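Input: a single structure, listed below in structure tokens.
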Amino acid sequence: MALKGIDIFKLTPKTNCKECGQPTCMAFGMKVAQGTAQIEQCPHMSEEALAKLGEATAPPMKSFKIGPADAELSLGGETVLFRHDKTFVSKTLFAVSADAAGTDAAIEAIKSVDYERIGERMSVEIVNLEYTGDSAAYTEAAKKAAASGKTVILSVSDEAAAKDALSAIKDSKPVLNGANPSNIAAFAALAKEFGVAIGVTADDIDTLYDAVQALEKEGLKDIIIDVGAASVKSAFANAVQIRRAAIKSGDHSFGYPSIVNIAKLAPGDASMQTALASLFILKYGSIVIMEGMSYAQALPLFGLRQNIFTDPQKPMTVETGIYPLNGATEDSICAVTVDFALTYFIVSGEIERSGVPVNLIIPDAGGYSVLTAWSAGKFSAGSIAAFIKESDIESKVKNRNLLIPGKVAVLKGELEENLPGWKIIVSPGEATSLVKFLKELQA
Amino acid sequence: MTFKPDPQTFASSIKEVSFGPEGAAVTFGGSNVLPFYAFDAPIAHKPLVGIEISDKGPDRELPALAAFYDGANTLSEIAARACTAPGADFLSLKLEGADPNGDNMPSDEAAALAKEVADASVLPLLVQGVDNVDKDAELLPKVAEALQGKNAILMSAKEENYKGIAVAAVTAYGQKIGAESAVDINLAKQLNVLIAQMGIQQGNYVMHLGNSAAGYGFEYLASTIERVKIAALSQNDDALQPPAVTPVAGDAWSVKESLVSEADFPEWGPREQRGIEMEISTAAACLASGSDAVILRHPSSVETIAKLIAELV
């Protein structure tokens, strides 16, 4: 629970020594409560007071990293239950599951879906290796998975097999996902020995709670809670109740990221896995394990994840430049809109639907929508004309017709002055009318 | 120490709405917990899945969709076939031909088509507007008249045209309406207040809070639906308590991922599967945010989402 300034003040030496940089201990307490000063800045706090404060000011959900040093993945650290309250910080990570025999195929399949969308690389981050009883084959598979550069989850509850695999790939910081109430001590020891995060599961939420506390008693900090695969209903109930306990009730023993094994919840049903992955992107899945990730699944899922884990303060933008759509050439008509990703996607989508070749020009408009950018002075006749000149569009495109958004029809006159030789055409106010408009324009 | 669950139940609940003719009506809404939080309290009615047809017929370039509608050629046959899709709770008709930016079919003709569909359908019917406030203002009252006794939902009563639609549909012909606003909690509330001021009682209208496909600014929609639900339940705000219907199909099938051909993007694979997964992902995310009903086009998507709902409720 968050402490008030007065509570922190009570723990200070109350000497007003000013060594922390604040005029009084009271002022210092207030600053710490606001988060603008750190408790360590006071050199005179007693051990006991520090411990008390540490407990009280600990974030509701632990955050840590997994995976190889050059491709570390962040987990946890969420502070809210709903994204309209504050940004979700650690995006849902996707894993594809394989057994030892299927490892090569899984790695190849993961590599075949790898693309960029609005400045973010879209690719499955993790290989989940299920243990099927052959320790030597499992260790070999673990080596291959680690060599692929992806993070590895070792889903194994056999101690000896886990130890062999961990010895082979410990440097790539895999997750040891296999602790349960019957092997807690041994698996805690393994996680400590190899310095890896540990995944824990149990048959029901009460035993799971006890199991997490047992791991905490062993001194483990990087814990991941596997919400189980008994049923979709129980996995969802666990995922929500665990996160809610951490964030809303401040129960630190459930303040850990989650694993949801969708491959086990809907085996053989790729579409159901898409549905479940979407559900758990919204509701508290930190790592989602799937049987596979085809392009048809990846396109909506990565897009959905990118949307949900955005900072509402920072608009998503597309790169500035000239985008030839529908096979546009230097003789095709030009159109201009803003760099706000949502606007770009809607406008480019409608243009693509029309089938009319268009050179879509995207200047820097601060990531705002058309009207907002215009009223902020970031999408003006001056800025559009300057962009067209600076990026040398006049030598790249011969066509001198430029469509402008209907919402900024007022720019027409000024643009004609700024861009001599160009014909400025005002488009409809709504993108939905673009298809008809473009077809008629072309006719 | 044992785990102490902290169930979050609310004193208020989402309003119930029933639609469809006597004997074949379905009811949705009514819940007093966040979406699928069955561990907090029992869920009153499961969310519904609608299957969408258009007066222009299905896209027969999609092999599985063409196979599903094989032999169904008239609009009545298409409607009857759609009702056989496993998991479909209601039928949704999009009167695409009446769009003034398209064929601009006269409203009387379009209303007659709606009647044909309603007569051929064994499921409750929802009719979607043409996304043009003037045309909808003329079309929907005629549809309401043609569908007397069908207890249908007529979507797309917007701030600009809700008065005429509400009076004709609800007061004169006993239909339900959908109050549509543009992805904003305040606009949604305002429209519901206006509709209530006309004397339209709760239970006679649903909300359409906007739509968008996964990857296309979907966070606005997800957060808007979520905020509406939380306000409806935790603040007992009855202007936000009608159930929310989200037509997913239109957006899901018109984004690039569902439109471009396999010839142009060979690595993406067949177009039909891309559209299906886009519908499924978007619908699942809408339901997780709080939609009480979703509308999908492909029978495969309908089946999967119905299965998801059945597993969770």
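What follows draws every value from the coordinates through simple rules; no lab data is involved. In this text, all values refer to a predicted model and were calculated from it rather than measured experimentally. Virtual Cβ from ideal backbone geometry, glycine too; neighbours counted across all protein chains shown.
Before moving on, here are some points about what is shown:
- Calculated FRET efficiency, A:Ala69 to B:Ala24, Cβ-Cβ distance, R0 = 60 Å: about 0.45 to the nearest 0.05.
- Rg in Å to one decimal, and Dmax rounded to a whole Å, for segment B:18-312 via C-alpha atoms: 18.0, 56
- Average beta carbon contacts from partner chains per residue of A:203-209, 10 Å cutoff: 2
- Debye, to nearest 20: dipole size of the protein assembly as shown, +1 on Lys, Arg Cβ, -1 on Asp, Glu Cβ: 1680
- All-pairs Cα distance distribution in segment B:13-72, expressed in whole percent, bin size 5 Å: 4, 14, 17, 14, 10, 13, 12, 11, 5, 0
- Rounded, prolate or oblate (a/c below 1.5 giving rounded, otherwise prolate when a/b exceeds b/c) for segment A:228-342 by Cα gyration tensor: oblate
- Listed peptides A:106-113, A:273-280 appear in the order A:273-280, A:106-113 once ranked by packing, highest mean of other Cβ atoms within 10 Å at the front.
- Too-long pairs where the Cα-Cα distance tops 20 Å, listed order kept, from A:Lys150/A:Lys217; A:Lys62/A:Lys163; A:Lys407/B:Lys135; A:Lys18/A:Lys52; A:Lys86/A:Lys283; A:Lys143/A:Lys170: A:Lys150/A:Lys217; A:Lys62/A:Lys163; A:Lys407/B:Lys135; A:Lys18/A:Lys52
- Computed lengthening from A:Glu330 to A:Ser167, 0.36 nm per intervening residue step minus Cα-Cα distance: 52.8 nm
- Bridges between two residues of the protein assembly as shown, per DSSP, are antiparallel at a rate of about 20%.
- Full extension of the chain between A:Asp114 and A:Thr320 gives 71.9 nm of extra length, using 0.36 nm per residue less the Cα-Cα distance.
- C-alpha long axis of helix A:270-282 to longest principal axis of chain A, angle in °: 80
- Evaluated with a Cβ-only charge set (Lys, Arg +1; Asp, Glu -1), segment B:18-92 carries a dipole of roughly 80 debye about its Cα centre, given to the nearest 20.
- What the Cβ-Cβ distance of B:Asp6 and A:Ser231 gives, at R0 = 22 Å and to the nearest 0.05, is a FRET efficiency of 0.50.
- Prolate/oblate/rounded label for segment A:321-442 (Cα gyration tensor, a/c 1.5): rounded
- As a length-normalised measure over Cα pairs under 8 Å and 6 or more apart, the relative contact order of chain A settles at 11 percent.
- Calculated FRET efficiency, A:Glu430 to A:Asp204, Cβ-Cβ distance, R0 = 56 Å: about 0.60 to the nearest 0.05.
- Partner aspartates and glutamates whose Cα lies under 13 Å from the Cα of B:Lys176, excluding those fewer than 8 positions away in the same chain, are identified as B:Glu16, B:Glu145.
- Net dipole in debye of chain B [+1 Lys, Arg Cβ; -1 Asp, Glu Cβ; about Cα centre; nearest 20]: 820
- Along the axis of the charge dipole computed for segment A:321-442 (Cβ charges of +1 for Lys and Arg, -1 for Asp and Glu, origin at the Cα centre), the listed residues A:Thr337, A:Pro428, A:Pro363 are led at the positive end by A:Pro428.
- A cut-off of 5 Å between modelled amide H atoms, ignoring neighbours fewer than 5 places along the same chain, links A:Gly321 with A:Ile362.
- Within the listed set A:Ala214, A:Ala37, A:Ala335, the Gaussian network model of chain A (springs between alpha-carbon atoms below 10 Å) gives the highest mean-square fluctuation for A:Ala37.
- Per-residue shielding of B:304-310, expressed as the average number of other chain Cβ atoms within 10 Å of the residue Cβ, stands at 4.
- In terms of other Cβ atoms within 10 Å, A:Lys389, B:Lys135 run from fewest to most in the order A:Lys389, B:Lys135.
- Among residues other than A:Lys62 with Cβ under 9 Å from its Cβ, the summed charge is 0 (Lys and Arg +1, Asp and Glu -1).
- Mean Cβ count within 10 Å, highest first, over the residues of peptides B:118-124, B:301-307, B:22-28: B:301-307, B:118-124, B:22-28
- Long-range tail of P(r) for segment B:205-313 (Cα pairs > 16 Å, %): 59
- Size of the protein assembly as shown as Cα extents on the principal axes (Å, biggest first): 79, 69, 60
- Furthest towards positive pole of dipole, B:Ala25, B:Met155, B:Thr304, structure part segment B:18-312, Cβ charges: B:Ala25
- Averaged over the residues of peptide B:227-236, the number of Cβ atoms from other protein chains lying within 10 Å of each residue's Cβ is 1.
- Think of segment B:184-313 as having a plus end and a minus end, set by charges on the Cβ of Lys, Arg, Asp and Glu; of B:Leu233, B:Gly275, B:Leu259, B:Leu233 sits farthest toward the positive end of this dipole.
- Burial ordering of A:Met316, A:Met293, fewest other beta-carbon atoms within 10 Å first: A:Met316, A:Met293
- Cα gyration tensor category, rounded, prolate or oblate, for chain A with a/c compared to 1.5: oblate
- A:Leu50 paired with A:Ala376, simple spin-label distance in nm, labels 7 Å along Cα-to-beta-carbon: 4.4
- The label-point distance for A:Gln442 and B:Ala67, in a model that sets each label 7 Å from Cα toward Cβ, rounds to 3.3 nm.
- In this simple spin-label model, placing a label point 7 Å from the Cα along the Cα-to-Cβ direction at both A:Asn401 and A:Thr132 gives a separation of 6.0 nm.
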